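First the structure, in the form of structure tokens, and then the observations on it.
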Amino acid sequence: MELRSNTILVTGGGTGIGRGLAEAFHALGNQVIIAGRRREALDATTAANPGMASAVLDVQDPAGIRAFAQDLARNHPTLNVLVNNSGIMRAENLLAQPEDLADMEAIVATNLLGPLRLTAALLPLLRRQPRSTIMNVSSGLAFLPLALTPTYCATKAALHSWTESLRYQLRSTATEVLELIPPYVATDLMGGASDPRAMPLADFIKEVMEILATDAREICVENVKRLRFAEASGHYAAIFQGLNEAMS
């Protein structure tokens with residue numbers, strides 16, 4: 001991925017990994033637009049990074065996504081990088097699900113349908129650029145699930161699969177498709193910001209930017225490789241048991 005001279009949209013860019021990526025790209029001189037549901041988080045990030053733009057977007061809202069994409073094409077016609085980062089993670093007890101399944105449906109709408117809908121809405125604009133990039137943020141838990149968060153893990157596994165298909169379908173175009181696969185990072189997602197077991201956010205972003213400067217299609221920092229390649233290593237069962245016992 002070219003790291004400079006881009007116009008970049010980062011969803012979920014007001015906090016956590018999204019903010020870290022947005023600030024790293026902004027520091028390299030790119031035009032960065034962050035999007036998310038909470039105006040106060042977006043404003044805090046843009047205030048700390050003069051020149052960064054923002055827009056409110058609820059990725060659970062299909063009509064809102066279409067309107068957002070139209071506005072973005074009007075206001076930022078050179079957009080050439082989409083980072084699908086928005087995500088929510090909630091613990092679920094599958095033995096005691098409420099009748100309305102609200103948490104489960106919100107996770108699917110945000111983590112899976114959101115990236116699919118936004119990519120579809122922005123792909124015509126991205127394909128008009130001389131070069132463009134779509135980067136989907138999945139998770140190490142796409143490859144080895146944390147049973148405490150089953151729907152989150154399932155959506156990330158589906159996003160990984162969909163990313164591979166999108167990459168193949170765009171293989172003869174100027175649009176590259178990347179997958180960022182985070183480990184457990186110290187953010188507010190599921191209270192990880194203060195967990196000493198989590199990878200510090202600054203360390204994660206630094207390593208990600210180094211990998212992005214290469215030709216890698218999967219962005220895997222060292223901390224996530226144990227999960228990403230658990231099955232290939234022949235130690236899937238042991239790693240699964242160890243992870244779930246440690247996090248239960």
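The values are calculated or read from the model by the stated rules, or taken from the named source; none is laboratory data. Note that the structure is predicted; figures quoted are calculated from it, not measured. Counting neighbours? That spans all protein chains shown, and the Cβs are built from the backbone with ideal geometry, glycine included.
Quick notes
- Selection of the range 73-101 for residues being within 19 Å of the chain's Cα centre (by Cα), within 20 Å of LEU113 (Cβ to Cβ) and not hydroxyl-bearing (Ser, Thr, Tyr) yields LEU82, VAL83, ASN84, ASN85, GLY87, ILE88, MET89, ARG90.
- Enumeration of residues in the range 79-98 that are within 14 Å of THR149 (Cα to Cα) and without any contact (Cβ under 8 Å) to a residue 24 or more places away in the chain: ASN93, LEU95, ALA96, GLN97
- Test: residue in the range 192-212 that is in contact with a Phe, Trp or Tyr (Cβ under 8 Å, 6 or more places away or on another chain), among the aliphatic types (A, V, I, L, M) and either over 30 Å from PRO130 (Cα atoms) or surrounded by 13 or more Cβ atoms within 10 Å (Cβ to Cβ) (or both): yes
- Some residue of the range 85-102 being in contact with a strand residue (DSSP E or B) (Cβ under 9 Å, 6 or more places away or on another chain), surrounded by fewer than 22 Cβ atoms within 10 Å (Cβ to Cβ), among the hydroxyl-bearing types (Ser, Thr, Tyr) and closer than 16 Å to ASN136 by Cβ: no
- Test result for LEU123, modelled with pLDDT of 95 or more and closer than 28 Å to ARG4 by Cα: yes
- Residues satisfying the stated conditions in the range 136-166, i.e. of a type outside the set (A, V, I, L, M, F, W, C), surrounded by 18 or more Cβ atoms within 10 Å (Cβ to Cβ) and within 26 Å of LEU79 (Cβ to Cβ): ASN136, SER138, SER139, THR155, LYS156, HIS160, THR163
- Any pair with Cβ under 9 angstrom, 6 or more apart, that starts in the range 2-22 at a residue that is without any contact (Cβ under 8 Å) to a residue 40 or more places away in the chain and farther than 14 Å from MET52 by Cα and ends at one that is among the hydrophobic types (A, V, I, L, M, F, W, C) and not in a helix (DSSP H, G or I): ARG4/LEU28
- Residues that are of a type in the set (Phe, Trp, Tyr), under 23 Å from SER233 (Cα atoms) and crowded, with 17+ Cβ neighbours inside 10 Å do occur in the range 175-188, at least one of them.
- In the set TYR152, TYR168, TYR184, only one residue is on the phi < 0 side of the Ramachandran plot and either among the charged types (D, E, K, R) or free of Cβ contacts under 8 Å to residues at least 12 places away in the same chain (or both); that residue is TYR168.
- Among residues of the range 87-113 being of a type in the set (A, V, I, L, M, F, W, C), modelled with pLDDT of 95 or more and in a helix (DSSP H, G or I), the one that is farthest from GLN60 (Cα to Cα) is MET104.
- Residues in the range 114-123 include none that are of a type in the set (S, T, N, Q), buried (at least 16 other Cβ atoms within 10 Å of the Cβ) and assigned to a loop (DSSP other than H, G, I, E, B).
- Residue match in the range 81-104 (condition: farther than 30 Å from ASN244 by Cα and basic (Lys, Arg)): no
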